[in-house]
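In what follows, a single structure is set out as structure tokens and then discussed.
The values are calculated or read from the model by the stated rules, or taken from the named source; none is laboratory data. As the structure is a prediction and not an experimental result, all values here were calculated from the model. No Cβ is skipped: glycine too gets one built from the backbone with ideal geometry, and neighbour counts run over all protein chains shown.
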Amino acid sequence: MNEAAPLPKGNMGEPVARIDARLKVTGDARYPADLPVRDVAHAVLVTSPIARGRLTQLHTEAARAVPGVLDIIAAGDVDGELERPQFGNSGSTSIAPLHDRRIWHDGQIVALVVAETFEAASEAAALVRADFQAEEPSSGFGSPGIEIIPAAGASPLYPENPEAGDFDAAWATAEISIDETYSTPTQHHNPMELFSTTASWFDGDVTVNESSQNVTGWKNTLARQLKVDPEHVRVVSPYVGGAFGSRGPMTPRTAIIAHAARRLGRPVRCVVTRKQAYTTQTYRAETRHHIRMGAMKDGRIVAFRHEGWELTSRPDNYVVGGTGTTARMYGYGAVETKVSLVKADRNTPSYMRSPPETPYVYALENAMDEMAVALAMDPVEFRRVNDTMTEPIEGKPFSSRSLMECYDQAAEAFGWNRRTRGIGSMRDGDWLVGMGCATAVYPTNVAPCTARVRLTADGRIRVQSGSHEIGTGIRTVAAQMAAERLGAPFWSVEVEMGDSSLPPAPVSGGSTSTASVCSAVMKACDAIRARLFHAAVTANDGPLSGLAPADLGIADGRIVAGARVEAVANAMERMGVGEIEEYAEFAPEGSSADAIANLYKGKLEMRMGEEGAKVKYAFGAEFVEVRIHRLTRETRVSRLVGAFAAGRIMNPRTARSQLMGGMIWGVGCALHEATEMDRHSARYVNTDLQDYLVPVNADIQDVKVILVEEKDTDVNPAGVKGLGELGNVGTPAAVASAVYHATGKRIRDLPIRIEDLL
Amino acid sequence: MYSLNYHRASSVADAVKLAKKGDDVKYLAGGMTLIPAMKTRLSAPSDLIDLGHIGELKGIKVSGKNVTIGAGTTHAEVAANEKLKAVCPAVSDLAAHIGDPAVRHKGTIGGSIANNDPAADYPAALLALDATVVTNKREIAAAKFFTGLFETALKDGEIVTAVRFTAPAKAGYEKFRNPASRYAMTGVFVAKGKANGKDDVRVAVTGAGENGVFRSKEIEAALSKKFDAAAVEGVKVPSKNLMSDIHASADYRAALVVVMAKRATAKANS
Amino acid sequence: MKRLVSMTVNGEEIELAIPPYRTLLDVLRNEGRLTGTKKGCDVGDCGACTVIMDGSPVNSCLVLGIEAEGATIETIEGQHAGPDLPHLIQEKFMDHGGAQCGFCTPGIIMMTKALLKENPNPTESEVRFAIAGNICRCTGYAKIVDAVLAAAEDLRKGRTL
């Protein structure tokens, strides 16, 4: 047992190594652009250099003259053959780049060049000349010409602003109050795998190879755009080189490439440059927050108001509305919230790792630290005073909440009691040392899911579910669930995922996959067990005849009841079968009667954490130590400790990977990541991995993840709370608090830059 | 890039001859700057003359304190050379921290100085060491070689063949790196040698000046009095003519110059 | 105009007809049919395309295929201890969970091999310095570093690269 694979505690699974690790380390795992496709033609996007206006003319003569060019598709060329994209429900935007000549944002697709080689297509694309009627664009917050609308009701994702009690009255009674604004920047997912689409048609059926978090949603969305029946569309994505939300919504490019292949009569592959992905894919929109918090001297928060502003495009109302979470996080007295959308000449944003929590909890947890300082209270104790097992908006209980357990375990491992309260009171040579902490939270969402499991007489198991291995380890935990339920060794399980021809699963987003997929796999396995057990107990003359099925179990390929056993293979032989296969559907409590039918159609009914009789969230506590050079103000995170409680942990190894990767992501969010804009032209400036600062091999030597035991049978049958988006939520505020502790400077706008500390 | 003729030169003379044949010819050294430029179409040569297989451009010669580095020597090779480390470890240290490992194993000193990227490390070393740039046509003092942002004294077709300098008694280099990217935000090379029998302190700054590498009179004055890190404390470097960009303001760079000079001096004395 | 270029890839001498403008990365992936080396940015920022050329790790997206004429190239596909036996480094990456989405993995493994050939006993700091040019968006690097140090430890115990 090594550090990577700690001993499991309580209701935790085995820390088995990832099932597909070998393929990844040998280079044999194939991502969509790796697949050899016979006769494939290559496509390159031509995009607009202006952010607002109209395309008046496209000059393609020089481009067409490049040897090897096969086709150039531009606005107007798709009328009648391609439907316009729709926003929402697996579509990233309603902007229809090859239908309209109107330019909605910088880098909008204006044409597609298809050629024999990638280089010929690139060369030709560079020679396409576009004429525009340019207008002055609105680039973001504070720009002239933006439109501000209330978010409540503007999107089905955010029907209303959560509230409780009389905020104004409570605010008036507060003895200490905090009234501050915070902000988070534009960020891009920048997964390592470049975005690409490869489409091949055969006899009226199209296969699209593209990394996706939502193969079933895409299949349906694509079919509609291509004007074909969904049965003719297959989306395949067995390996995904990172997603973080970027591969959930389908962008207009996918249908355009499928259409190009249909038009050309040849398979077409388009690998989007990293630069072009900034404007043709999605991103995390910038946000602003105004928080008012009123407390009594004993630390109780009596009034909490959270107002947020989020940027979106002109045509599409994308909203994250993290007030749904912040309004419920502590035992506040009165709560008032409001979210507004700011519409500008930008591409439509979408979800990126903990979309509502990252910006909104950053704001709240900063305010919590500011209040703790104002109260002269230890930040951990301040959370303790305001901890609650009942959320303040509707008074519903938490199905489980181990927040203070997380704080206490993390504080101890971190050595929080060594912290001296004074600003800049801790030093190490030329370095100021700061310590800070913050809460991490993520709702336990769960969605309908289906799966098919097959057990063969020789003990092999095959699990099929159209979920997506995006690096989270879902393939591995699904295999573990099946192995456990069917009493087989882990290595005997084969898992097929990432294909829309498999039993559908929900989008791999909202951290629903482990809970949803494992619940469906569990159901299918239980159906297999039921058949086996029934056969065993009703046999005329078997070793388990006459027993009650409830007394039976399976382990090591044998059906057991105390001392009585029968080999699974024997039971199957008596049944006259070589295999048992079961298909199962799982719909969470509260789902509509059409939930599964809708899942097949790509319409997802996700049950959110705040819905239902009990609210369901995973919690954590993160502690950060920063070191800031007294002269250069170079800031380094030297230590990170996070303790997290997420119900049943299927695999401590993959869980730790997700949480550790999440915390380090959070550090990048605090100190580095931001997409910069030229405000005048509304164009992104740092559109590459050199100037967009993702955490590179940072100096964070010391990262510790503690998995806190927690049992919750209310969240879903598997008892699992998603944690892929938990680790990164608390880190930015913890870093900001640590920076304040070291320097006395409260930086409320992310990322925290050296200049802010001078 | 799409229509490209490639030629592999077997010698410097061969390279010069090949270069006369094309319309828009570029020499290819490590390619760490040229290839990305070609991909983004900032550069679109018709012909590439690959200098990477020319034996006479490779190798490091150390004779007493005299050092000659072939223009085709990679940064990794400069960093690893034991003889160079023995006489001028500051240059080894500088080379060992250029870019990242993949860049260091391909990029060359000749290619780097011919490009004169304002954030590159070598120009600071060459200026502080009072080095000589040797080309196939002549010898140019470093002070005359670097003429501006991305500009050098090289004439069309001229090829850098070597860099030559005398190792000083003390030298040190320190740069402040943008936390996540590779380029120096500000790098300072300090050297204490002898000129005309007297102590000669030279301090060259890269990654800060609007016109590329420059010598800091203020820091040289301070270190000439005492070649000690403490002597730099409190020196004010003017922020006029320093770069401002998304990574740092001119004022901040001015402050960094002082801090880097201190650290470089401490290294030189260690 | 395509040129016939020969190079040794993973111990095998091959001859490919390639256009001068094509990068080594694209040559390996297209003409060479070796898709284990990945394109993550195509401009030398991410390290996903790292291969070993004449003993040195390089970003193959910044090398022209034609520059590699006569060169000896090692890619991820060539790394195995025996038929169907993973290489020492690959084994450690599997044991330590060094690969999550797996896209950066081939590049990092090749850079690790180059590091350990030059320095079989690196400190943690030296490991981090060596992989500084390889970006990973998933793992946060800790497990990668653990895997590399574990491989180095096995080298000390007598295993070979």
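Looking only at region A:55-76, filter to residues that are farther than 24 Å from A:Pro249 by Cβ and assigned to a loop (DSSP other than H, G, I, E, B); which one of those is nearest to the chain's Cα centre (by Cα)?
A:Gly76
With C:Thr50, C:Thr105, C:Thr72 as the choices, which residue is surrounded by fewer than 24 Cβ atoms within 10 Å (Cβ to Cβ), modelled with pLDDT of 95 or more, hydroxyl-bearing (Ser, Thr, Tyr) and over 20 Å from A:Glu119 (Cβ atoms)? Show your work before the answer.
Values: C:Thr50 fails: surrounded by fewer than 24 Cβ atoms within 10 Å (Cβ to Cβ); C:Thr105 fails: surrounded by fewer than 24 Cβ atoms within 10 Å (Cβ to Cβ).
Answer to the selection: C:Thr72.
Taking into account only those residues within region C:125-136 that are more than 7 Å from every other protein chain (Cβ to nearest Cβ) and in a helix (DSSP H, G or I), which is farthest from B:His105 (Cα to Cα)?
The qualifying residue farthest from B:His105 (Cα to Cα) is C:Ser125.
Is it true that some residue in region C:40-50 is more than 20 Å from A:Gly242 (Cα to Cα) and of a type in the set (Val, Ile, Thr)? Working first, answer last.
First, pick out the residues of region C:40-50 that are more than 20 Å from A:Gly242 (Cα to Cα): none.
The answer is no; no qualifying residue exists.
How many residues are modelled with pLDDT of 95 or more, surrounded by fewer than 24 Cβ atoms within 10 Å (Cβ to Cβ) and either within 17 Å of the chain's Cα centre (by Cα) or not aliphatic (A, V, I, L, M) (or both) if we restrict to region A:221-238?
7
Can you tell which of B:Ala222, B:Ala261, B:Ala204 is touching a residue at least 12 places away in the same chain (Cβ under 8 Å) and within 13 Å of chain A (Cβ to nearest Cβ)?
On the way: B:Ala222 fails: within 13 Å of chain A (Cβ to nearest Cβ); B:Ala204 fails: within 13 Å of chain A (Cβ to nearest Cβ).
None of the others qualify; the one that does is B:Ala261.
Against the definition (surrounded by 19 or more Cβ atoms within 10 Å (Cβ to Cβ), out of contact with any strand residue (DSSP E or B) (no Cβ under 6 Å at 6 or more places or on another chain) and touching a residue at least 24 places away in the same chain (Cβ under 8 Å)), how does A:Thr675 come out, yes or no? Write out each step before concluding.
On the way: surrounded by 19 or more Cβ atoms within 10 Å (Cβ to Cβ): yes; out of contact with any strand residue (DSSP E or B) (no Cβ under 6 Å at 6 or more places or on another chain): no; touching a residue at least 24 places away in the same chain (Cβ under 8 Å): yes.
So A:Thr675 does not fit the description; no.
Here is a list of conditions, (1) in contact with a Phe, Trp or Tyr (Cβ under 7 Å, 6 or more places away or on another chain); (2) more than 14 Å from chain A (Cβ to nearest Cβ); (3) not acidic (Asp, Glu), and B:Tyr2 meets all of them except one; can you say which number that is?
Of everything listed in (1) in contact with a Phe, Trp or Tyr (Cβ under 7 Å, 6 or more places away or on another chain); (2) more than 14 Å from chain A (Cβ to nearest Cβ); (3) not acidic (Asp, Glu), B:Tyr2 misses just condition (2).
More than 12 Å from chain A (Cβ to nearest Cβ), surrounded by fewer than 24 Cβ atoms within 10 Å (Cβ to Cβ), over 23 Å from C:Ile135 (Cα atoms) and free of Cβ contacts under 8 Å to residues at least 60 places away in the same chain, is that true of C:Gly82?
Details: more than 12 Å from chain A (Cβ to nearest Cβ): yes; surrounded by fewer than 24 Cβ atoms within 10 Å (Cβ to Cβ): yes; over 23 Å from C:Ile135 (Cα atoms): yes; free of Cβ contacts under 8 Å to residues at least 60 places away in the same chain: yes.
It is true that C:Gly82 is more than 12 Å from chain A (Cβ to nearest Cβ), surrounded by fewer than 24 Cβ atoms within 10 Å (Cβ to Cβ), over 23 Å from C:Ile135 (Cα atoms) and free of Cβ contacts under 8 Å to residues at least 60 places away in the same chain.
Taking the conditions exactly as written (in the same structural domain as A:Ser400 (by TED's automatic domain parsing), of a type in the set (Gly, Ala, Ser) and either part of a helix (DSSP H, G or I) or within 27 Å of the chain's Cα centre (by Cα) (or both)), does A:Ser638 satisfy them or not? Lay out the reasoning, then the answer.
Numbers: in the same structural domain as A:Ser400 (by TED's automatic domain parsing): yes; of a type in the set (Gly, Ala, Ser): yes; either part of a helix (DSSP H, G or I) or within 27 Å of the chain's Cα centre (by Cα) (or both): yes.
Taking the combined requirement at face value, the residue satisfies it.
What residue, of A:Val477, A:Val517, is modelled with pLDDT under 90 and part of a helix (DSSP H, G or I)? Can you show your working first?
Details: A:Val517 fails: modelled with pLDDT under 90.
When all the criteria are applied, what remains is A:Val477.
Conditions tested, residue by residue: (1) closer than 24 Å to A:Glu123 by Cα; (2) modelled with pLDDT of 95 or more.
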site: B:Ala15; (1), (2): no, yes
site: B:Ala19; (1), (2): no, no
site: B:Asp24; (1), (2): yes, no
site: B:Tyr27; (1), (2): yes, yes
site: B:Gly31; (1), (2): yes, yes
site: B:Leu34; (1), (2): yes, yes
site: B:Arg41; (1), (2): yes, no
site: B:Leu48; (1), (2): yes, yes
site: B:Leu51; (1), (2): no, yes
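How do the strands (runs of 3 or more DSSP E) wholly within region A:225-321 filter down when requiring 3 or more residues that are farther than 25 Å from A:Arg353 by Cβ: which remain?
Values: elements: A:233-236, A:268-271, A:287-295, A:301-313.
Counting at least 3 such residues, we get A:268-271, A:287-295, A:301-313.
I'm trying to understand the selection: among the residues of region A:423-458, which are of a type in the set (Ser, Thr, Tyr) and farther than 26 Å from A:Asp714 by Cα?
Within region A:423-458, the first condition is being of a type in the set (Ser, Thr, Tyr), and the residues that meet it are A:425, A:439, A:442, A:444, A:450, A:456.
Within region A:423-458, A:Ser425, A:Thr456 meet the criteria.
Kindly provide the set of residues from region B:224-254 that are out of contact with any strand residue (DSSP E or B) (no Cβ under 9 Å at 6 or more places or on another chain) and among the small types (Gly, Ala, Ser), ordered by number.
Residues satisfying the conditions are B:Ala229, B:Ala230, B:Ala231, B:Gly234, B:Ser239, B:Ser244.
Kindly provide the set of residues from region B:34-72 that are in contact with a Gly (Cβ under 7 Å, 6 or more places away or on another chain), part of a loop (DSSP other than H, G, I, E, B) and either within 14 Å of chain C (Cβ to nearest Cβ) or under 17 Å from C:Met53 (Cβ atoms) (or both), ordered by number.
If the condition is that a residue be in contact with a Gly (Cβ under 7 Å, 6 or more places away or on another chain), part of a loop (DSSP other than H, G, I, E, B) and either within 14 Å of chain C (Cβ to nearest Cβ) or under 17 Å from C:Met53 (Cβ atoms) (or both), then B:Ser46, B:Leu51, B:Gly52, B:Ile54, B:Lys58, B:Gly72 are the ones that fit.
Any idea which of (1) among the small types (Gly, Ala, Ser); (2) within 30 Å of A:Glu61 (Cα to Cα); (3) part of a loop (DSSP other than H, G, I, E, B) is the one A:Gly142 doesn't satisfy?
(2)
Give the residues of region A:191-245 that are of a type in the set (Ser, Thr, Tyr) and out of contact with any strand residue (DSSP E or B) (no Cβ under 8 Å at 6 or more places or on another chain), sorted by residue number.
Initial filter on region A:191-245 (of a type in the set (Ser, Thr, Tyr)): A:196-198, A:200, A:207, A:211-212, A:216, A:221, A:237, A:239.
Hit for region A:191-245 is A:Tyr239, nothing else.
Look at region C:137-161 and say how many of its residues are outside any helix (DSSP H, G or I) and at negative phi.
Summing the residues that are outside any helix (DSSP H, G or I) and at negative phi in region C:137-161 gives 7.
May I ask you to list pairs of residues, at least six apart or on different chains, whose Cβ atoms are under 6 Å apart, with the first in region A:202-230 being outside the structural domain of A:Asp499 (by TED's automatic domain parsing) and the second being surrounded by fewer than 20 Cβ atoms within 10 Å (Cβ to Cβ) and assigned to a helix (DSSP H, G or I)?
A:Gly204/A:His232; A:Asp205/A:His232; A:Lys219/A:Pro230; A:Asn220/A:Pro230; A:Ala223/A:Pro230
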